[in-house]
Amino acid sequence: MTTGAASAGATPGARLVLATHNRHKLGELRAILAPLLPALAPEAVVGAADVGAPEPVEDGVTFAENALIKARAIVASTGLPAVADDSGLCVDVLGGAPGVFSARWAGRHGDDRANLDLLLAQLADVPEKHRGARFACAAALVTPSGREVVEEGTMPGTLLTSPRGDGGFGYDPILQPDGETRSSAELTPEEKHAISHRGKAFRALAPHVAAELR
């Protein structure tokens, strides 16, 4: 049962809130979770904007910490179970940066093109053999009862010297996953979900979410 505050903020029929205001990420999370939670009606899974939830300050120093910050904020605001993720690009020669600063690497949060261009400029003289990188994701479930679960996934690859492909978002156009000849942005959504950091983390988290919503 939700609290009065939760009922006021929640969308009728909502059972699970995905703690993101990013429409690209929201669509991707819905696509990943839908086949994993077949008993959950699509309208039962809503985004943070649908419940009027504010965006919390993500001041954690790890992906897991930031995912939990976002999920906890949704639960506090709505009284509904919340799923959140934090993810980013970790570049070997940069000691794992941009990491948790991936979305604001160029200084302004969410400016994908500026972030991508800055990173490419910083790595302009780095040869291919040293351009190893990986996408990393921590996915968190937080429930009104106080249960918290975090699962993680990675997608290793090599950074390209210029963007390729129109799919995905963020740094997808410049990461070529291991075993692929295409960038992440050149994969179909289904191909990407099958190997992505986010897909791996959410597949691991899905049984916990399903158990919570039984």
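Select, from 37, 29, the only residue that is touching a Leu at 6+ places or on another chain (Cβ under 6 Å), surrounded by 14 or more Cβ atoms within 10 Å (Cβ to Cβ), under 12 Å from residue 16 (Cβ atoms) and at pLDDT below 90. So that I can check it myself, show each step before the final result.
Values: 37 fails: touching a Leu at 6+ places or on another chain (Cβ under 6 Å).
Residue meeting the stated conditions: 29.
Can you tell me which residue in region 100-146 is nearest to residue 185 (Cα to Cα), limited to those that are in contact with a Gly (Cβ under 9 Å, 6 or more places away or on another chain) and without any contact (Cβ under 8 Å) to a residue 12 or more places away in the chain?
Checked region 100-146; the qualifying residue nearest to residue 185 (Cα to Cα) is 114.
Pairs please, first residue from region 183-209 and closer than 13 Å to residue 87 by Cβ and without any contact (Cβ under 8 Å) to a residue 40 or more places away in the chain, second anywhere and surrounded by fewer than 21 Cβ atoms within 10 Å (Cβ to Cβ) and among the acidic types (Asp, Glu), Cβ atoms under 7 Å, 6+ apart in sequence or on different chains.
Note: no pairs meet the criteria.
Take residue 49 and tell me if it is more than 21 Å from residue 212 (Cβ to Cβ) and modelled with pLDDT of 90 or more. Reasoning before the result, please.
Values: more than 21 Å from residue 212 (Cβ to Cβ): yes; modelled with pLDDT of 90 or more: yes.
Answer is yes for this residue.
In region 89-109, is there at least one residue being over 17 Å from the mean Cα position of the chain (by Cα), modelled with pLDDT under 95, over 20 Å from residue 177 (Cα atoms) and loosely packed, with under 15 Cβ neighbours inside 10 Å?
Looking for residues that are over 17 Å from the mean Cα position of the chain (by Cα), modelled with pLDDT under 95, over 20 Å from residue 177 (Cα atoms) and loosely packed, with under 15 Cβ neighbours inside 10 Å, one finds at least one in region 89-109, hence yes.
Filter region 150-175 down to the residues that are of a type outside the set (Ser, Thr, Tyr), assigned to a strand (DSSP E or B) and surrounded by fewer than 19 Cβ atoms within 10 Å (Cβ to Cβ) and list them by number. I'd like the intermediate steps shown before the answer.
The initial filter retains those residues of region 150-175 that are of a type outside the set (Ser, Thr, Tyr), namely 150-153, 155-157, 159-160, 163-170, 172-175.
Those left that are additionally assigned to a strand (DSSP E or B): 150-153, 155-157, 159, 175.
156 - this is the single residue of region 150-175 that is of a type outside the set (Ser, Thr, Tyr), assigned to a strand (DSSP E or B) and surrounded by fewer than 19 Cβ atoms within 10 Å (Cβ to Cβ).
What number of residues within region 158-214 satisfy the criterion of being closer than 18 Å to residue 24 by Cβ, more than 18 Å from the chain's Cα centre (by Cα) and of a type in the set (Asp, Glu)?
The qualifying residues number 2.
The values are calculated or read from the model by the stated rules, or taken from the named source; none is laboratory data. In this text, all values refer to a predicted model and were calculated from it rather than measured experimentally. Every residue, glycine as well, gets a Cβ built from its backbone with ideal geometry; the counts of neighbours run over all protein chains shown.
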